[in-house]
Each structure stands twice: as structure tokens, then as C-alpha cells.
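Colleague: Got a structure for you, questions after.
What follows is calculated from the coordinates using simple rules that are stated; it is not laboratory data. Note that the coordinates shown come from a computational prediction; the quantities given were computed from them, not determined experimentally. So basically every Cβ, Gly included, is an ideal-geometry build from the backbone, and we count neighbours across all protein chains shown.
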Amino acid sequence: MRTNSDVVIIGGGLAGLAGAFHLSQKGLTVTLIEKSAYPRHKVCGEYVSNEILPYLNWLDIDISKLQPATISKFEFSTHKGKTASAHLPLGGFGISRYQLDNFLYQKAVEKGCIVIKEMATDVSFDNDLFTISTTNQVVSAKIVLGAFGKRSNIDQVLSRDFFIKKSPWLAVKAHYYGKFPNDLVALHNFKGGYCGVSKVENDIINICYLANYATFKQYKNIEEYQFNVLHQNQHLKTIFENSTLLFDKPLTISQISFDKKQPVENHILMIGDTAGLIHPLCGNGMAMAIHSAKIASELVLDYDAGKIISREELEKNYTQQWKKHFGKRLLIGRLLARILRNKSITNTLISITVALPGLLPFIIKQTHGKPIAIN
Ligand SMILES: Cc1cc2nc3c(=O)[nH]c(=O)nc-3n(C[C@H](O)[C@H](O)[C@H](O)COP(=O)(O)OP(=O)(O)OC[C@H]3O[C@@H](n4cnc5c(N)ncnc54)[C@H](O)[C@@H]3O)c2cc1C
């Protein structure tokens, strides 16, 4: 079967779904290709920065219906449990990806977006037209948005540089019941990684950590690793000992790469993690995914309306805007991650942030954007 669309979006995570909703709402025909079913849990810290709220309001997407946790405070601790805390300059909310992705998926379908629930296996560009193959279908489109996340078979199809390099990072996430403040997002360090803890809807605690594979593989299983390594930080020990796991077992992903990627490749406009993954310690990847979908959607609409006259101009504009909004944040994220790997610098940093209470909010601001402007 062959289908034609104005736009094909490969990947239906936050970036793909936000783009699908935006473009469908504005009257373009959109086909979204997503290999997994909705709803499903995803490895993610599930803390969303409020910077995206003006955009979601503009799209008429009311997140409050999902009853997210309202988060306004941040706490940070070193391996040894020494803490610094701050008020989050913009604040945010906690919502599970199980609820959020499914909510956006339903909204996009309501707007007329066609969803192919299959894996995209190939994408090529010829004669100003894309041809995208899935397991059982072929779709063509003038525009393709690449929203296939951190790592996908499509990265391999496109021979993207980062794909062949091994990454030392893996991540683990699960939901728990237990005691934890509703309004707090905590980032607790441990040897070889860091762990985010915050509430989502229904009083559920999300615990999600990034760990160095070399440290992780020394232990028989996740429980043993958590007990021997994460529990070295007293804060994590207390949280784990007072919480009940709600999943059969935690979810894991590996090969998480923070390498630089290009926002446009093979004429595909890359959005969300496909264009670049910010270190999770910044707690900002979801907002960036949605924001990049907004930028790409607006430019695609201008291209469709003839306001942008060539594909070259479209790609150049997108690259410029992507770099302007996200380039510095990704750089600071990488820098912070490097600092946190050094125990003594982290300890000194904590002492300084305790002595200078304005410093932590300042650092947070550097990794977060301003509330998204709506024209
Ligand atoms: C450990 C960890 C913790 C994090 N914590 C936070 C946090 O607290 N706050 C925050 O804001 N960000 C956080 N992030 C970042 C955040 O999860 C991502 O930035 C966000 O999910 C990006 O959304 P996306 O749409 O780009 O990608 P994704 O949500 O990963 O979506 C990509 C989609 O593409 C689909 N796909 C891939 N290949 C194909 C294919 N060939 N065919 C069809 N479908 C395909 C996948 O199934 C997936 O649904 C964290 C990241 C990690 C690793």
C-alpha cells in the first residue's frame, strides 16, 4: 500500500506527537509512524519544565486534566549525601510518560493525524520527495520530521556518526509508592551516576537513574547494584527503603549517547532527541523535544504556504533556530555532567552553592529556556 501525506513524522514520542498535533491542527495531512503501542512506560525522569506551558496552552492542550504533580523545589546531593537546595526559577510538573504520550497521541488522532503503528525501516529522498518504508507499507511525503529518539534503526539507515560509537551509559526507571514531597525534584549522585526522584500523577514516585555501564556490570542484578552503589548515598537509601516497587521489574535502556548530532540530515528535520540529547541531570529534554517540534512545525507551515521559498532556506532556518535555542544548553549540560563525574569538584561546588544561594538557580537557568514565546 502507498500513501501520500504532506508530512511524515518518524517516531511518536513527545517531539513527534507535538509536531503531529500542531501540523494536523493547521490543516496539513500528517502521517505518524510509531513502532510501539500506546500507552506504555518509558525510561524518563518525568519532570517537565514549565517553559512549554505557553505552547501547550496555545495548542489548546490542557495538561492539568492529567493531574500532574506541581514541582517548585530542587534538591541536589553528592555521593556522600551533602545537599544543596533551591527554588526552581520556572518550576515544572511531574507526569508519567504512560499518561502524557498517550494523551498527546489521542489529541493528534482527534485532529486527523494518520498513525501507522509499525516500525519505519527505510527513508530516502529523491526528486524533492521522500519515500518512507515501514514493515508493511510505503509512504511518500514532501517533508519528513525525524522524531525517532535517542537511538533508532533509522540512525543506522542514515549512517549517523554517533551510532557506531559505544556509549558507557545505561538508565533504569521504575514507579514506586512511598513517602516523598509532592513539590520536589531531587537529583542524588552516586558512584558512577545520578538518580532523579520526583512525584508524578496519583501520588506515584518516579525513580530514574543514569549509570555507568562499567560500574553496573560488576553486580549480578539491578537490586544488588542499587543496594551496593546507590544506597551509599543516604538520601537514596532512605527513599528506596521506604518505597514499594509498582512495576514487575524496573525498565532499562542502554547505549545512551550524548554525542553531537545534526538538526538536519538527508533533508530530514530532526526534532527532540534525534537532533541532540541533553544530559538528563538538566531535566529538560522533554521541554526541548516539544519546543523543537514547535520550531519545525512553524517553519514547515511557512514552507507549505510559500513564505519560505526553497527547501534549502527551510533547512538553513531550522538549523539556525535549533542552534539558537538549544546549542548553549546542550553544551552546559555536557559541562555539568563532566563536573559531576569529579567527586572533589562536586563537593566544592556544593559548598559554594550553600554559601551563595543564588548560584544554584543561576546554574539551573543556564540549562533551561525561557517560557516558549507565542507570536
Ligand atoms: C535517564 C533519563 C532521564 C530523563 N529524565 C528527564 C526528565 O526528568 N525531564 C526531561 O524533560 N527529560 C528527561 N529525559 C529526556 C527525555 O526523556 C527525552 O528528551 C524525551 O523523551 C525526548 O522525546 P523524543 O520524542 O525526542 O524521543 P522519544 O520519547 O524517545 O520518542 C521516540 C519515539 O520514536 C519511536 N521510534 C524509534 N525508531 C522508530 C522507527 N524506526 N519506527 C517507528 N518508531 C520509531 C520510539 O518507539 C519512540 O516512541 C531523560 C532521559 C533519560 C535517558
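Colleague: So what's the angle, to the nearest 10 degrees on a 0 to 90 scale, between helix 14-25 and the longest Cα principal axis of the chain?
Modeller: Rounded to the nearest ten degrees, it is 40.
Colleague: Any chance you could check the Cα centroid distance between region 318-333 and region 91-142 for me, in angstrom?
Modeller: 24
Colleague: Compute the long axis of helix 343-355 from its Cα atoms, compare it with the longest principal axis of the Cα atoms of the chain, and write down the angle in degrees, 0 to 90, nearest 10.
Modeller: Computed tilt is about 80 degrees.
Colleague: Expressed as a fraction of 2.2 N^0.38 Å, the rule-of-thumb size for a compact globular protein of N residues, what is the C-alpha radius of gyration of region 105-150?
Modeller: 1.25
Colleague: Binned at 5 Å from 0, what are the whole-percent values of the Cα-Cα distance distribution for region 1-89, short to long?
Modeller: Bins of 5 Å from zero give 3, 9, 15, 18, 17, 12, 9, 8, 4, 3, 2, 1 percent of pairs.
Colleague: Students often check this: by mean Cβ neighbours within 10 Å, which of 14-23, 94-103 ranks highest, and how do the rest follow?
Modeller: 14-23, 94-103
Colleague: Could you compute how fast the chain diffuses translationally, taking Rh as the Kirkwood radius over C-alpha pairs and applying Stokes-Einstein at 37 °C with viscosity 0.692 mPa s? Give it in µm² per second. Mind dumping the intermediate values first?
Modeller: Values: Rh = 21.2 Å.
After rounding, the answer is 155 µm²/s.
Colleague: Oh, and also: How would you order 344-352, 171-179, 289-297, 202-210 from highest to lowest mean count of nearby Cβ atoms within 10 Å? The partial results should precede the final answer.
Modeller: Working: 344-352: 14.4, 171-179: 18.8, 289-297: 26.7, 202-210: 20.9.
By packing density, highest mean first, the sequence is 289-297, 202-210, 171-179, 344-352.
Colleague: Can you tell me which lysines have their Cα less than 27 Å from the Cα of Lys316? Leave out same-chain residues fewer than eight positions away.
Modeller: Lys26, Lys142, Lys150, Lys260, Lys261, Lys294, Lys307, Lys324, Lys328, Lys370
Colleague: If the cut-off is 16 Å between C-alpha atoms, which lysines fall inside it for Lys220, apart from same-chain ones fewer than 8 positions away?
Modeller: The reachable lysines, counting only those whose Cα sits under 16 Å from Lys220, are Lys249.
Colleague: Does region 174-316 come out rounded, prolate or oblate by the C-alpha gyration tensor, with a ≥ b ≥ c the root eigenvalues, rounded set by a/c under 1.5 and, if not, prolate when a/b is larger than b/c and oblate if not?
Modeller: Prolate, because a/c is 1.5 or more and a/b exceeds b/c.
Colleague: If you take every residue apart from Tyr38 with its C-beta less than 12 Å away from the C-beta of Tyr38, what net charge results, scoring Lys and Arg +1 and Asp and Glu -1?
Modeller: Charge balance in the 12 Å sphere: +4.
Colleague: How big is the antiparallel share of DSSP beta bridges in the chain, given as a percent to the nearest 5? Before the final figure, lay out each step's value.
Modeller: Values: 50 of 72 bridges.
Bridges in the chain are about 70 percent antiparallel.
Colleague: Just to compare against my own numbers: the Cα pair-distance distribution for region 265-316, 5 Å bins, whole % per bin, please.
Modeller: 5, 19, 25, 20, 14, 9, 5, 2, 0
Colleague: Straight-line reach only, C-alpha to C-alpha below 20 angstrom: list the lysines that Lys65 could link to, leaving out same-chain residues fewer than 8 apart.
Modeller: Lys107, Lys111, Lys199
Colleague: Quantify how much of the Cα-Cα distance distribution of region 294-375 extends past 19 Å, in percent.
Modeller: When all Cα pairs of region 294-375 are counted, 56 percent exceed 19 Å.
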